[in-house]
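One structure below.
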């Protein structure tokens, strides 16, 4: 599940979006989110060279194995993703030369 600060009931996940997603270039609300977005991340990697050539620095919206659209800013990409896909997983990622892996911990986890 994705969470955006403009949506109600985001709770603690909005902090992840604000702080960690920007560095990651995508939106992942928990560690298991990366597995949920496996197809989208594979699509990004397979089209990376093409995207660098035409959209470096912009934000790509990916659903499954399809590049849906490219946007100038992250907010427009996220809003469009929610309009098209609702509360179903999609990836918004900034097109960059090098990906910097980011991991984060949910300190509220009660295992």
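The values are calculated or read from the model by the stated rules, or taken from the named source; none is laboratory data. Fair warning: this is a prediction, and the values are worked out from it, not measured in the lab. No Cβ is skipped: glycine too gets one built from the backbone with ideal geometry, and neighbour counts run over all protein chains shown.
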With respect to residue 71, is the statement that it is within 21 Å of residue 50 (Cα to Cα), surrounded by 13 or more Cβ atoms within 10 Å (Cβ to Cβ), touching a strand residue (DSSP E or B) at 6+ places or on another chain (Cβ under 9 Å) and at pLDDT 95 or above true?
yes
Pick from 53, 111, 57: which is loosely packed, with under 13 Cβ neighbours inside 10 Å, assigned to a loop (DSSP other than H, G, I, E, B) and modelled with pLDDT of 95 or more?
57
In segment 86-100, residue surrounded by the most Cβ atoms within 10 Å (Cβ to Cβ) [restricted to those that are touching a residue at least 40 places away in the same chain (Cβ under 8 Å) and assigned to a loop (DSSP other than H, G, I, E, B)]:
90
